[in-house]
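Down below is the structure, laid out as structure tokens.
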Amino acid sequence: MTRNFLNLSDAGGNALAAMLNDAIDRKQARKTWPKGKVDADAPLSDHVLAMIFEKSSTRTRVSFDMAIRQLGGTSIVMDSGSMQLGRGETVDDTAKVLSRMCDAIMIRTDDHSKIEELAANSSVPVINGLTDLSHPCQIVADLLTLIEHGKALPGLEVAWLGDGNNVLNSIVEAAGLMKFNVRIACPEGYDPDQNFIVAAQAAGANVTLYRDTMEAAAGADVIVADTWVSMGQDHADAKIEAMMPFQVNDVIMEQAKSDAVFLHCLPAHRGEEVMPSVIDGPQSLVWDEAENRIHAQKSVLLWAFGHI
Ligand code: CP
Ligand code: NVA
């Protein structure tokens, strides 16, 4: 059966743990190598990954391109505006054509239903490079970063401040799979997707919604922030105003554990969701987190092709 990676639960907790272990091993094995050198076993040699971007991207674009290269394969990167998809060709037809020509498809799009439709009509693996609903590849990199920095996932207290968005939905999903807890502080009207919360709670994770940032941050092991205005949303004054009390600053970091770390998927808006003293400060892991997109994407690709 074709392995699609539309959300983290498509892989499940055991596979996710195996993916994280594989990423750690592969990263270690090529520590001193040039970034374009192919891994010794070249597990995806001769494989071609098609990438479709309906939204902007720096990290997802480059990390998937580097990931498939390091695994021995190649990629074709397309912006939907330069494809017939952007002129009205259907998602179904695009899926069928790309399935005949390429070995896997990664897409960044808006409505999650589009990636579901793409996957339903594709005979090769489809990978979610971000939708309005979720960003599972980002969270593989985030978990990898935490593990590398000595944070065991089970029981970890992860605090999210800000908008209840796609990145948060995938963090909540991961909590259920890897048994950590999420403390969410977001303004009323900006809560994350309820389905992810219910599933994570059913799997035994504590997922708690707060309206008060200090309560959410108290004793946390990890503080996470993301942009207040995701791609495709209006930079509305009312939303910025509602978000302002949810900014991650030094007071918030002091409320967390003394060895707490800060994560942000980037791009960041200093002075909005996070202050420069935090994102550019000693507790921030954002550059490791960004680099880990490559190592995470490799493990996602290897899982999709049945190597993990
Ligand atoms: N974090 C992330 O997905 O970055 P890009 O939007 O640059 O791909
Ligand atoms: N929540 C952000 C993540 C960007 C990587 C967005 O969807 O724009």
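Which of the residues spanning segment 229-247 are within 12 Å of ligand 2 (Cβ to nearest atom) and surrounded by 12 or more Cβ atoms within 10 Å (Cβ to Cβ)?
Across segment 229-247, the qualifying residues are Val229, Ser230, Met231, Gln233.
Which one is farthest from ligand 2 (Cβ to nearest atom) among residues in segment 57-77 that are farther than 19 Å from Ala141 by Cα and not hydrophobic (A, V, I, L, M, F, W, C)?
Gly72
One line per residue, one yes/no per condition, for (1) among the aromatic types (Phe, Trp, Tyr); (2) closer than 16 Å to Glu54 by Cα; (3) surrounded by 23 or more Cβ atoms within 10 Å (Cβ to Cβ); (4) away from ligand 1 (no atom under 14 Å from the Cβ):
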site: Asp65; (1), (2), (3), (4): no, no, no, no
site: Met78; (1), (2), (3), (4): no, yes, no, yes
site: Gly81; (1), (2), (3), (4): no, yes, no, yes
site: Val91; (1), (2), (3), (4): no, yes, no, yes
site: Asp103; (1), (2), (3), (4): no, no, no, yes
site: Asp111; (1), (2), (3), (4): no, yes, no, yes
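Do the conditions hold for Ile171, that is, is it within 16 Å of ligand 1 (Cβ to nearest atom), without any contact (Cβ under 8 Å) to a residue 60 or more places away in the chain and within 27 Å of Asp280 (Cβ to Cβ)?
Yes: the conditions hold for Ile171.
Can you tell which of Ala42, Ala50 is within 19 Å of Ile115 (Cβ to Cβ) and modelled with pLDDT of 95 or more?
Only one candidate passes the filter, namely Ala50.
Search segment 172-192 for residues being within 14 Å of ligand 2 (Cβ to nearest atom) and farther than 26 Å from Ala23 by Cβ, and hand back the single one that is surrounded by the fewest Cβ atoms within 10 Å (Cβ to Cβ).
For segment 172-192, the residue satisfying everything is Tyr190.
For segment 113-132, name all the residues that are surrounded by fewer than 22 Cβ atoms within 10 Å (Cβ to Cβ) and either within 18 Å of Asp79 (Cα to Cα) or under 15 Å from the mean Cα position of the chain (by Cα) (or both).
Lys114, Asp132
What tally of residues in segment 145-171 results from selecting those that are under 16 Å from the mean Cα position of the chain (by Cα), assigned to a helix (DSSP H, G or I) and either more than 14 Å from ligand 2 (Cβ to nearest atom) or at positive phi (or both)?
Result for segment 145-171: 3.
Out of the residues in segment 266-298 that are farther than 28 Å from His235 by Cα and of a type in the set (A, V, I, L, M), which is nearest to ligand 2 (Cβ to nearest atom)?
The selected residue is Ala296.
On the given criteria, is Phe196 within 16 Å of ligand 2 (Cβ to nearest atom), more than 23 Å from Ala268 (Cα to Cα) and either surrounded by fewer than 24 Cβ atoms within 10 Å (Cβ to Cβ) or not hydroxyl-bearing (Ser, Thr, Tyr) (or both)?
Here the answer is yes, as Phe196 does meet what is asked.
Residues that are closer than 19 Å to Ser134 by Cα and in contact with a His (Cβ under 8 Å, 6 or more places away or on another chain): find the strands (runs of 3 or more DSSP E) completely inside segment 178-266 holding 1 or more of those. Let's see the steps before the verdict.
Numbers: elements: 181-185, 207-210, 222-225, 261-264.
In segment 178-266, 222-225 are the strands (runs of 3 or more DSSP E) which contain 1 or more residues that are closer than 19 Å to Ser134 by Cα and in contact with a His (Cβ under 8 Å, 6 or more places away or on another chain).
Are any residues in segment 139-172 polar (S, T, N, Q) and within 27 Å of Pro187 (Cα to Cα), and if so, which ones?
Across segment 139-172, the qualifying residues are Asn165, Asn166, Asn169, Ser170.
The values are calculated or read from the model by the stated rules, or taken from the named source; none is laboratory data. All of these numbers come straight from a predicted model, not from anything done at the bench. Cβ: placed from backbone, ideal geometry, glycine included. Neighbour counts: every protein chain shown.
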